[in-house]
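Inspection log for the structure reproduced underneath, given as structure tokens.
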Amino acid sequence: MTADRNLRVHVTRPIPDQALDYLKGQGLDVTCPADDGPPSREELLSSVEDAEAILSILTEKIDGEVFERARRLKVVSNMAVGYDNIDVPEATRRGVAVCNTPGVLTDTTADFAWALLMAAARRVVECHRFVQDGRWEWWGPKMMMGADVHGKTLGIVGFGKIGQAVARRATGFDMKVLYSGETAPETSKWGEKVSFSDLLQSSDFVSLHVPYRPSTHHLIGREQLHLMKKTGFLINTARGAVVNEEQLVEALESGEIAGAGLDVFEKEPQVHPGLHRLNVVLAPHAASASLATRAKMATMAAENLVAVLRGEEPQAIVNPEVLEQCQSPK
Ligand code: GLV
């Protein structure tokens with residue numbers, strides 16, 4: 001990319017080395033903070049000022065203010081499948097491509113949804129603490145009794161790649177799988193499509209796999225939690241604001257549902273104090289965090305970014321119309 005030697009890429013956080021090395025190997029001028037923690041808003045704004053490309057992560061808000069400062073920007077490549085941190089209409093209006101990393105994290109995220117489901121149902125965290133704290137003094141027939149997983153009904157809200165990967169794993173547990181979602185296929189060998197309310201009423205485990213957008217904001221609130229079984233568990237590895245956290249706490253306190261496994265929260269990294277309960281398993285938005293998958297996500301984000309800078313088609317783009325505009329004859 002000799003002609004592009006001066007193109008500047010700002011990577012908003014330290015990412016796995018192979019992706020950074022790949023970017024540097026493309027002859028790009030790459031900047032990246034040394035600290036793992038989030039940059040201040042002003043640090044972010046000043047770092048992108050003369051950048052042609054930003055490789056962002058899901059907590060960096062890439063909005064009109066960022067676009068205003070980064071006047072040479074051509075692409076924002078998010079190291080995530082979700083892109084609700086980016087103002088996509090504004091990017092499109094300014095001709096900035098927005099890329100994401102679907103596919104490479106599907107199985108790792110599905111594994112983690114299952115880890116939360118199993119942990120919540122079988123009280124794994126509580127068991128661990130009990131043993132670790134030295135409180136285990138005798139074995140008792142009524143100790144740590146939880147809910148069975150095998151043979152139960154799993155309801156999957158949103159049946160895209162990750163939802164389907166979660167469903168596939170249920171066959172090993174002899175579960176009945178229900179799924180719902182406006183864009184979900186009418187039929188699937190992995191489960192039966194039902195209405196959202198039927199799913200909530202019939203499932204023992206409800207796992208959320210919808211993207212966050214205005215139509216999915218607080219998709220799960222008091223009314224939906226009330227429809228769920230009192231013995232039911234809610235698993236969320238999608239986005240925090242898909243669930244009304246305040247109302248989830250109320251439902252957990254009043255016994256409307258039996259428990260929850262949560263990887264995502266409305267105001268990360270803050271967690272509603274009412275969620276610090278024995279029947280809730282909490283994780284710090286870590287569903288895609290395997291060594292291999294984070295490396296793949298970073299590499300894909302870097303490759304997407306380079307493809308756009310080269311005028312080539314990236315593996316994944318959220319607003320392809322931007323590329324079409326660039327390619328169409330004037
Ligand atoms: C993680 O939450 C992602 O969207 O990749």
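Each reported figure results from applying straightforward, stated rules to the coordinates on display, with no laboratory input. Everything quoted here is computed from the prediction, not taken from an experiment. Quick reminder, even Gly has a Cβ in these numbers, built from the backbone with ideal geometry, and neighbours come from all protein chains shown.
Taking the longest Cα principal axis of the chain as reference, the axis of helix 106-121 is set at about 30 degrees. Label-to-label distance for R93 and E268 is 2.7 nm, based on points extended 7 Å past Cα in the beta-carbon direction.
Which value, in debye to the nearest 20, describes the size of the charge dipole of the chain about its Cα centre when Lys and Arg Cβ atoms bear +1, Asp and Glu Cβ atoms bear -1, and nothing else is charged? Mind showing how you got there, number by number?
On the way: 35 positive and 44 negative charges, 130 e Å.
So the magnitude is around 620 debye.
Packing, as the average of other Cβ atoms within 10 Å across residues, places the peptides 73-86, 13-26 in the order 73-86, 13-26, highest first. Cβ under 13 Å from K229's Cβ, K229 left aside: what net charge do those residues give with Lys, Arg +1 and Asp, Glu -1? After counting each charged neighbour, the total is -1. I need the shape label for segment 114-242. Rule: rounded when a/c is under 1.5, else prolate if a/b > b/c, else oblate, with a, b, c from the alpha carbon gyration tensor. Taking the square roots of the gyration eigenvalues as a ≥ b ≥ c, segment 114-242 is prolate. The mean sequence distance of close C-alpha pairs (under 8 Å, at least 6 residues apart), as a share of the length of segment 1-107, puts its relative contact order at 23 percent.
Taking the Cα centre of segment 1-152 as origin and assigning +1 to Lys and Arg Cβ atoms and -1 to Asp and Glu Cβ atoms, the resulting dipole is close to 380 debye.
Taking the C-alpha atoms only, the angle from helix 291-309 to the longest principal axis of the chain is near 30 degrees.
Set the Förster radius R0 to 25 Å, insert the Cβ-Cβ distance between T231 and A292 as r into 1/(1 + (r/R0)^6), and round the FRET efficiency to 0.05. With a Förster radius of 25 Å, E is 0.10.
Think of segment 158-201 as a dipole: +1 on every Lys or Arg Cβ, -1 on every Asp or Glu Cβ, centred on the Cα centre; then among G172, G158, S197, G172 lies furthest on the positive end. Charged neighbours of I15, selected by a Cβ distance under 14 Å, balance to -2 (K, R count +1; D, E count -1).
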